[in-house]
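Trainee: Supplied in structure tokens, the structure appears directly below.
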Amino acid sequence: MDTRYDYQALEDKIYKRWEESGFFNPDVCVKKGVTKKDAKKFSIVLPPPNVTGNLHIGHAAMLAIEDIMVRYARMNGKKTLWLPGTDHAAIATQAKVESLIYKKEGKNRHDLGRDEFLRRVEEFAKESHDNIVRQVKKMGSSVDWSREAYTLDEKRSLAVRTAFKRMHDEGLIYKGARIVNWDPKMQTTVSDDELEYVEEKAPFYYLKFGPFVIGTARPETKFGDKYVVMHPDDARYKKHKDGEKLEVEWINGPITVTVIKDKAIDMKFGTGVMTITPWHDATDFDIAERHGLDKEQVIDSYGKLLPIAGEFAGMHISKARPLIAEKLKAKGLLKKTEEDYVHNVAVNQRGGGKIEPQIKEQWFIGVNKEFVLPKSKIKGVKSGEKTTLKKMMKAAVKGNQIKILPKRFEKVYFHWIDNLRDWCISRQIWYGHRIPVWYKGGKTYCGINPPKGEGWIQDSDTLDTWFSSGLWTFSTLGWPKETKDFLEFHPTSVLETGYDILFFWVARMILMSGYLLCDIPFEKVYLHGLVRDAQGRKMSKSLGNTIDPLEMSEKYGADAVRLSLIIGSAPGNDIKISEDKIRGYRNFATKVWNASRFALLNYSEIKAKPQFTADDKKRLAEVSALKKKVSEHIEKFDFNRAGDELYHYFWDVFADKVIELLKIRLNSDNLRDRAAAQETLIKMLKEQIKMLHPFMPFVTEEIWGLLPGNKGKLLMVEKWT
RNA sequence: GGGCAAUUAGCUCAAUGGUAGAGCGCUUCGUUCACAUCGAAGAGGUCACUGGUUCGAUCCCAGUAUUGCCCACCA
């Protein structure tokens, strides 16, 4: 046994042994007798990484946490499935490939055409996938590769089309002209959750509008204005009655406007009066809907003004804005300009442009539309009783059927549902699941397979990537077929992911599973924090503070990287990491190795019957007590404390005290005493190696195989107790 | 505007109703003895502040301050 633990040489070899054993697959475990046939299940799906490139340190944290749960469950005799896969990440992947191609060849997707472009994306996705698989393996993740899935593969596509059709036929999915977040750069809609707000400084104009003064940062939207809105309780405008008509001199001449009273107006903001642009603003759209007002388009999909803008038609809004302000000024309509007004501008999170709200024909999932669950397994939703997606999503968590940990995120979840609007699921991008709807003449057909007959044209839109992710807990198990896997492993035991995708993903899974299966997708949700640098800053390429888990694994071993991501951060809190911290845990791995080496060097087959001292018994009892504590912590998802206890017992007590005290007795002439010392040492070590396995699987597996009586055995399927 | 969290050693963070812990850093000493990727010893903290509950509060409660995050909104 070498002085040093050579993780570089060993980790890949160990992973290969695990893979070849087949024990990542629960069926093999049953077949080979390491798991009982009727054992309880423990199932978890891997949150599929996007095929946009490499795994980052956040993925490593996720893999470490999940692997601890999975290895613990497996060692406890559960029928354990950890199902891996990757996500096609529609818009993110398309944006990435588009930009790569543009940089390299100066071409955009339209230059290449849909087929060729998709071929390129697939090529990129494949490479990215292979890379991800390599990295997942490198971290020691005990996932069942035989069941690997991709959100865009054939089986998952069938699930998507089936889900779409069922929701479409129920009327939950509908096509409608509603206001959406339009990204003029990517030329697609994005959902509310995909927006990011950035502060922007812009001039803020106060304009004379008949007897009123209105404020705006966007004069370019004002061409179609013909309604002026104020709060019904606003005393200042009491004399103006709802529905009153006024003649007003405006940008391109006199217009007739109608007074509207609506409670959405904030009396304290500006003058308490505003004009509305229903086509280009969500709040305005809602007001217009409430009062049945006309909606007019002013800006086109590319951000250019339409003929309604008169002389400004065809001009891009960014260019037109100052010119319009000038014209207003010349006409004496501009009362005041506030420079450097700070407001938030919505931007497409996925590398897109500034959002221009537009009214568009899109596909939506109606979250307030009533339907009936035939055979509800969700507490709080009765079979045959009317419910809505919103109500159902709430009920699943409210009844404690799904537990979200840490518990504070339950509130966040409820709050999000309260604010939820219909989910826009269509995207005008090419990479993704094509909407399973076909048109011919005036006819529309929605089906799992294309309609028979000539001349049908499929809807050109694709689905929001989260539509397919929402099905992940069961599409990966074979749904819509009632497979053995599906019956055995669904609902899954735990869903573990970062709190940043609680809405995007966790909530959508509850929605999909609830409607399609009348059941919950998972029993528990454990949310981990975001990984930050030693100063608590977000890791980003521009800050240059990223820590690459692969590079760190090469340098210090995957076990060290895993421990550094687990220990020292409380559940749900952000995880701080630094190279120093990783080095610290590398030292621990070396410590474990050396202590084991010492135990082995001092082990011999002694015939004498060991005569244990009171101290020996006390130590062995200590280790049992430790196991109890560690088990409790793991079951409560408190991996930090479990790891911390193990670390300190091993180092401070076992290595520094116990071994030192046993040294004399290990050379004793009293054979019975010597045997007792040896036994105590090996037993304590074995127990600790076992307990450490979920946390640092590589070094412990290697040591296990070297311990007496373990030749050829695999620690990963040893019994925990 | 609403909500959530944090505030503990030089730095980054844990834990706990009974005069505080770790990693890294720092100081001193120590390598024939598993390990210098080490060991031993040590310095370093009115646990943000103010009240309250309690025999006792860093921990529970209320308030204040600062920081961070989430949601809504900014016409």
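The values are calculated or read from the model by the stated rules, or taken from the named source; none is laboratory data. All values reported here derive from a predicted model rather than from experimental measurement. Please note: Cβ atoms are built from the backbone with ideal geometry, for glycine as well, and neighbour counts cover all protein chains shown. Surface areas here come from the heavy atoms of the whole protein model, side chains and all, with no ligands, DNA or RNA. Shrake-Rupley method; radii C 1.70, N 1.55, O 1.52, S 1.80 Å.
Trainee: Here is a check on your reading of the model: is A:ALA163 at pLDDT below 95 and either away from RNA strand B (no atom under 15 Å from the Cβ) or under 26 Å from A:HIS343 (Cα atoms) (or both)?
Mentor: no
Trainee: Let me ask something else about it. Kindly establish whether A:LYS16 is surrounded by fewer than 21 Cβ atoms within 10 Å (Cβ to Cβ), at pLDDT 95 or above and in a loop (DSSP other than H, G, I, E, B). Reasoning before the result, please.
Mentor: Working: surrounded by fewer than 21 Cβ atoms within 10 Å (Cβ to Cβ): yes; at pLDDT 95 or above: yes; in a loop (DSSP other than H, G, I, E, B): no.
When the stated conditions are applied, A:LYS16 does not pass them.
Trainee: Something else about it: Suppose we keep only residues that are buried (at least 17 other Cβ atoms within 10 Å of the Cβ) and of a type in the set (Lys, Arg) within the stretch A:685-721. Which one would you say is farthest from A:ALA61 (Cα to Cα)?
Mentor: Here the residue is A:LYS686.
Trainee: Among A:LYS369, A:LYS327, A:LYS335, which is surrounded by 14 or more Cβ atoms within 10 Å (Cβ to Cβ), part of a strand (DSSP E or B) and in contact (Cβ under 8 Å) with a residue 40 or more places away in the chain?
Mentor: A:LYS335
Trainee: Where residues in the stretch A:654-672 are modelled with pLDDT of 90 or more and β-branched (Val, Ile, Thr), which of them is surrounded by the most Cβ atoms within 10 Å (Cβ to Cβ)?
Mentor: A:VAL658
Trainee: Give me the helices (runs of 4 or more DSSP H) completely within the stretch A:607-721, filtered to those with at least 1 residues that are polar (S, T, N, Q), ordered by residue number.
Mentor: Filter on the stretch A:607-721 gives A:614-635, A:639-648, A:671-692, A:697-706.
Trainee: Let me ask another. Evaluate the following for A:VAL372: is it over 18 Å from A:PRO521 (Cα atoms) and either at pLDDT below 95 or more than 13 Å from RNA strand B (Cβ to nearest atom) (or both)? Walk me through it before giving the result.
Mentor: Working: over 18 Å from A:PRO521 (Cα atoms): yes; either at pLDDT below 95 or more than 13 Å from RNA strand B (Cβ to nearest atom) (or both): yes.
Answer is yes for this residue.
Trainee: Let me ask you something else. For the stretch A:205-254, which strands (runs of 3 or more DSSP E) that fit wholly inside it have 3 or more residues that are more than 13 Å from RNA strand B (Cβ to nearest atom)?
Mentor: A:245-250
Trainee: Among the residues of the stretch A:38-58, is any assigned to a helix (DSSP H, G or I) and either in contact (Cβ under 8 Å) with a residue 12 or more places away in the chain or within 16 Å of RNA strand B (Cβ to nearest atom) (or both)?
Mentor: Scanning the stretch A:38-58 turns up at least one residue that is assigned to a helix (DSSP H, G or I) and either in contact (Cβ under 8 Å) with a residue 12 or more places away in the chain or within 16 Å of RNA strand B (Cβ to nearest atom) (or both).
Trainee: Give the stretch A:563-599 a look and list any residue that's touching a Phe, Trp or Tyr at 6+ places or on another chain (Cβ under 7 Å) and of a type in the set (Ser, Thr, Tyr), or say none.
Mentor: A:SER564, A:THR590 - these are the residues of the stretch A:563-599 that are touching a Phe, Trp or Tyr at 6+ places or on another chain (Cβ under 7 Å) and of a type in the set (Ser, Thr, Tyr).
Trainee: A further question on this structure: Could you tell me which residue of the stretch A:492-534 is farthest from the chain's Cα centre (by Cα), considering only residues that are more than 16 Å from RNA strand B (Cβ to nearest atom) and assigned to a loop (DSSP other than H, G, I, E, B)?
Mentor: Ranking the qualifying residues of the stretch A:492-534, first place goes to A:CYS518.
Trainee: While we're looking at this one, here's another question. Please verify whether the stretch A:10-30 includes one or more residues that are over 21 Å from A:THR473 (Cβ atoms) and within 16 Å of RNA strand B (Cβ to nearest atom).
Mentor: yes
Trainee: Hey, A:ALA39 hits all of (1) in contact with a His (Cβ under 9 Å, 6 or more places away or on another chain); (2) surrounded by fewer than 22 Cβ atoms within 10 Å (Cβ to Cβ) but one; which does it fall short on?
Mentor: It is condition (1) that A:ALA39 fails.
Trainee: Of all residues in the stretch A:269-280, how many are assigned to a loop (DSSP other than H, G, I, E, B) and either near RNA strand B (Cβ under 7 Å from one of its atoms) or surrounded by 22 or more Cβ atoms within 10 Å (Cβ to Cβ) (or both)?
Mentor: Going through the stretch A:269-280 one residue at a time, the tally reaches 5.
Trainee: Which of the residues belonging to the stretch A:570-586 are near RNA strand B (Cβ under 6 Å from one of its atoms) and open to solvent by less than 40 Å² (accessible area, probe 1.4 Å)?
Mentor: Matches in the stretch A:570-586: A:GLY584 only.
Trainee: For residues that are modelled with pLDDT under 90 and of a type in the set (A, V, I, L, M), scanning just the stretch A:602-615, find the one that is surrounded by the most Cβ atoms within 10 Å (Cβ to Cβ).
Mentor: A:ILE606
Trainee: Out of the residues in the stretch A:375-415 meeting the condition of being surrounded by fewer than 16 Cβ atoms within 10 Å (Cβ to Cβ) and hydrophobic (A, V, I, L, M, F, W, C), tell me which one is modelled with the lowest pLDDT.
Mentor: A:VAL412
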